[in-house]
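Working notes, structure below.
The values are calculated or read from the model by the stated rules, or taken from the named source; none is laboratory data. The model shown is predicted, which means the values in this text are computed figures rather than measured ones. A quick note on method: Cβ atoms are made from the backbone with ideal geometry, for glycine too, and the neighbour counts reach across all protein chains shown.
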Amino acid sequence: MNHNKDTRLHVTRRRVLAAGTAAVALSVVGHPQLALGAGLPDAETPVTVGLQINGRSHDLTVDPRTTLLDALREHLALTGTKKGCDQGQCGACTVIVNGQRINSCLTLAVMHAGDEVTTIEGLANGDELHPMQAAFVRHDGLQCGYCTPGQICSAVALLAEHKAGWPSYATADVATSPVLTEAEISERMSGNICRCSAYPNIVAAIRDVAEGSLG
Amino acid sequence: MKPFRYERASGIASACTSAAEPTAKFIAGGTNLLDLMKLQIETPAHLVDIGSLPLAEIEETAEGGLRVGTRVTNSALAADMRVRRLYPLLSQAILAGASTQLRNKATTGGNLLQRTRCPYFYDTTKPCNKRTPGAGCAAVGGLNRMNAVLGVSDDCIAAHGSDMAVAMAALDARVETVAADGATRTIPIDALYRPPGSTPHIETVLASGELIRSVVLPPPPPGRQLYRKVRDRASFAFALVSVAVVVAREDDRVRAARVAFGGISYKPWRSAEAEAALIGASVTQASFDAAGRAALRNARGYGYNDFKIPLARRTLRAVLSDATGVI
């Protein structure tokens, strides 16, 4: 989807509408009810929202329809986050918002005023890879690589969820804090699809980091 | 997506007033609504974002249960230690649904109000009485293996997709709402959903601008709680059939039982018939089979979903066997 082109189209149409409205307004002077309708905010007026992305503040002015994913990719050129299905099923667009992983395709940028967003670009420390990135390289946890930014963001958040004691559907007794077995990792990563099916190596990479962080 | 006005609500009363316009919608997590807006199945002219409202707490009630704010995410509810200890059924059911990414966004109220995943509701090239009243139903006589077998009509055989709601139905949850005029009411979860009849586009009893503000869980009923979901793949798929039970035994008899099904109706399907058959019955597979027959007595298949009727009976037997230790 080409968002910039979209916006230009809307601006053009709004100008046409604005010109039309002005002509109508002249003809409805003395009709307060009609004039009231004209005073409502325009649905296509851009909205400004302040976000913290990878530790930096950004004020974005966007069409309210802009998803967080499109804001990252099209407005901030942070193209590490990928658009796969654009309907919350594949997980390629996974980012971490206020410490929790979400599908950035199924949320609007304007809903995230003041939120802290971490994308794949924000994980490394300069040239030093994040341990999860390094583990994916070490275990060959990818083939084509398109799903990988989402897989890695998801895996980083998974470890934090596990540390916080969250259960999963693979947890036999939900009142206990489960051990991060292979079955637990697979279940917790089910929101990230890999068309190349690098799953065994992805699970191995996550186990490696999880076990390393235990020691 | 069609253009819309975006409003971040600053208070409950003003949110309800704004959302009372017929073309307005509340948005919380947005995981279902935005998906449908991209397909132009939902085309609100005005979105009222309740993301800043103070409705994200889980608090203990005087009667010994929990009150869950509408904005509590599915993840937060499933991970709450009080829920995990008192209502393990609810944690299990929530964790059986969707993916962690979705559960981190999806909210309690939004989950209850999610719309059906009937493929013909999503396919805008096919007729659907939910999308366009009077257009007809492509699922009756279509590829309907995911559709409902109980409580539906020839105008709509869509199934409700929630796992969470099935557990809540078994737990006798109550929905607390506030309307645009400030009036509040409490609705038993079973009465929240309207049968499709000839008006399948009207899905709940809620009025325009009426906001679910919380869900109340009464103190847990006695007995072992268990949720089982049967689906096409091991994770991240909607239920073909799911079963929630709470069952208590005394010696060789069933002392108390709650039974609810998912995937087979327009709502989470609490089965009074199965419960009546179970209470006082011997703790045997024969009793569990009788309960299953009672529960599905009025079920009707539409071809590709005929299998759901025996599957629901067998899943109930398996869950009751697990919960009572019958082999």
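Cβ-Cβ distance below 6 Å, separation of 6 or more or different chains: which pairs start in the range B:186-197 with a residue that is within 15 Å of B:T70 (Cα to Cα) and end on one that is of a type in the set (G, A, S)?
Sorted first by the residue in the range B:186-197, then by its partner, the pairs are B:I189/B:A169; B:I189/B:A173.
Kindly evaluate A:E187 against the criterion of being among the acidic types (D, E), more than 14 Å from chain B (Cβ to nearest Cβ) and within 22 Å of the chain's Cα centre (by Cα).
No: the conditions fail for A:E187.
Specify which of the listed residues (A:G80, A:G91, A:G114) is part of a loop (DSSP other than H, G, I, E, B), more than 13 Å from chain B (Cβ to nearest Cβ) and among the small types (G, A, S).
A:G80
Say we look at the range A:171-184 and pick out the residues that are within 13 Å of chain B (Cβ to nearest Cβ) and either within 23 Å of the chain's Cα centre (by Cα) or of a type in the set (A, V, I, L, M, F, W, C) (or both); which of these is surrounded by the most Cβ atoms within 10 Å (Cβ to Cβ)?
Out of the qualifying residues, it is A:V174.
Being among the polar types (S, T, N, Q), outside the structural domain of A:T81 (by TED's automatic domain parsing) and either modelled with pLDDT under 95 or within 22 Å of A:K82 (Cβ to Cβ) (or both) is the requirement here; does A:S168 meet it?
For A:S168, the condition - among the polar types (S, T, N, Q), outside the structural domain of A:T81 (by TED's automatic domain parsing) and either modelled with pLDDT under 95 or within 22 Å of A:K82 (Cβ to Cβ) (or both) - is not met.
Find the strands (runs of 3 or more DSSP E) located wholly in the range B:204-302 whose residues include 2 or more that are in contact with a helix residue (DSSP H, G or I) (Cβ under 8 Å, 6 or more places away or on another chain), surrounded by fewer than 21 Cβ atoms within 10 Å (Cβ to Cβ) and at pLDDT 95 or above, and list them.
B:224-230
Looking only at strands (runs of 3 or more DSSP E) that lie completely in the range B:1-114, which have at least 1 residues being buried (at least 19 other Cβ atoms within 10 Å of the Cβ) and away from chain A (no Cβ under 12 Å)? Explain how you work it out, then say what you get.
Working: elements: B:5-8, B:24-27, B:46-49, B:58-60, B:66-69.
Correct list: B:24-27, B:66-69.
Name the single residue, out of those in the range B:210-229 being within 16 Å of the chain's Cα centre (by Cα) and more than 12 Å from every other protein chain (Cβ to nearest Cβ), that is farthest from B:A19 (Cα to Cα).
Filtering the range B:210-229 down to residues within 16 Å of the chain's Cα centre (by Cα) leaves B:212, B:214-217, B:227-229.
Remaining after also requiring more than 12 Å from every other protein chain (Cβ to nearest Cβ): B:212, B:214-217.
Numbers: B:I212: 12, B:S214: 17, B:V215: 20, B:V216: 23, B:L217: 27 Å.
Per the stated criteria, the residue is B:L217.
In the range A:41-68, how many residues are under 15 Å from A:G122 (Cβ atoms) and in contact (Cβ under 8 Å) with a residue 24 or more places away in the chain?
Number satisfying all stated conditions: 6.
May I ask you to say which residue of A:V179, A:V174 is in contact with a helix residue (DSSP H, G or I) (Cβ under 8 Å, 6 or more places away or on another chain), of a type in the set (V, I, T) and closer than 30 Å to B:R82 by Cα?
A:V174
Restricting to the range B:82-109, count the residues that are under 14 Å from A:L106 (Cα atoms) and touching a residue at least 24 places away in the same chain (Cβ under 8 Å).
Start the filter on the range B:82-109 by keeping residues that are under 14 Å from A:L106 (Cα atoms), which leaves B:98-107.
Within this subset, residues satisfying the condition of being touching a residue at least 24 places away in the same chain (Cβ under 8 Å) are B:98-100, B:102-107.
So the count comes out to 9.
Looking at B:R313, is it in contact (Cβ under 8 Å) with a residue 24 or more places away in the chain and part of a loop (DSSP other than H, G, I, E, B)?
no
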